[in-house]
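The values are calculated or read from the model by the stated rules, or taken from the named source; none is laboratory data. Values in this document were obtained by computation on a predicted structure and should not be read as measured data. Virtual Cβ from ideal backbone geometry, glycine too; neighbours counted across all protein chains shown.
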Amino acid sequence: MAEYFLEPLATQPASFQVHEKNCADLQSKIDATRYLGSYGNAQAPLNKALGLHNHVDFCPTCLKS
Ligand SMILES: [Zn+2]
C-alpha cells in the first residue's frame, strides 16, 4: 500500500496531478495537496480524483504509466 496525494496545478482550466507520498517533486509543496488515501495501486486514487475533478493525471516523476 502507498499513500497518494493530489496536487492542484496552476493551469487553466484547473488540472491536478496524483503523487505518491515519497515523490521528490511533492516534498516542497505537500502542504498544498489533498490527501487521497492509501491504496494498493495508483489507479484507485486517480479514479477517486477523477470523481472530484475533470482533469487529473499521474505525476510524470513518481507515477510514470
Ligand atoms: Zn510525483
For this session: Could you please let me know if Lys64 is part of a helix (DSSP H, G or I), out of contact with any Gly (no Cβ under 7 Å at 6 or more places or on another chain), without any contact (Cβ under 8 Å) to a residue 24 or more places away in the chain and not β-branched (Val, Ile, Thr)?
Result: no
Exercise. So Asp57 fits all but one of (1) loosely packed, with under 14 Cβ neighbours inside 10 Å; (2) within 11 Å of the ligand (Cβ to nearest atom); (3) of a type in the set (D, E, K, R); what number is the exception?
Worked result: (1)
Exercise. Just for the stretch 3-22: of the residues that are in contact with a Ser or Thr (Cβ under 8 Å, 6 or more places away or on another chain) and without any contact (Cβ under 8 Å) to a residue 40 or more places away in the chain, which one is nearest to the ligand (Cβ to nearest atom)?
Worked result: Phe5
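Do you know which residues across the stretch 23-33 are touching a residue at least 12 places away in the same chain (Cβ under 8 Å) and under 20 Å from His53 (Cα atoms)?
Matches in the stretch 23-33: Leu26, Lys29, Ile30, Ala32, Thr33.
Take the conditions among the acidic types (Asp, Glu), in contact with an Asp or Glu (Cβ under 8 Å, 6 or more places away or on another chain) and modelled with pLDDT of 95 or more and apply them to Glu3. Does it pass? First the steps, then the outcome.
Numbers: among the acidic types (Asp, Glu): yes; in contact with an Asp or Glu (Cβ under 8 Å, 6 or more places away or on another chain): yes; modelled with pLDDT of 95 or more: yes.
The answer is yes for Glu3.
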For this session: Hand me the list of strands (runs of 3 or more DSSP E) wholly inside the stretch 1-57 holding 1 or more residues that are among the β-branched types (Val, Ile, Thr).
Result: 15-20
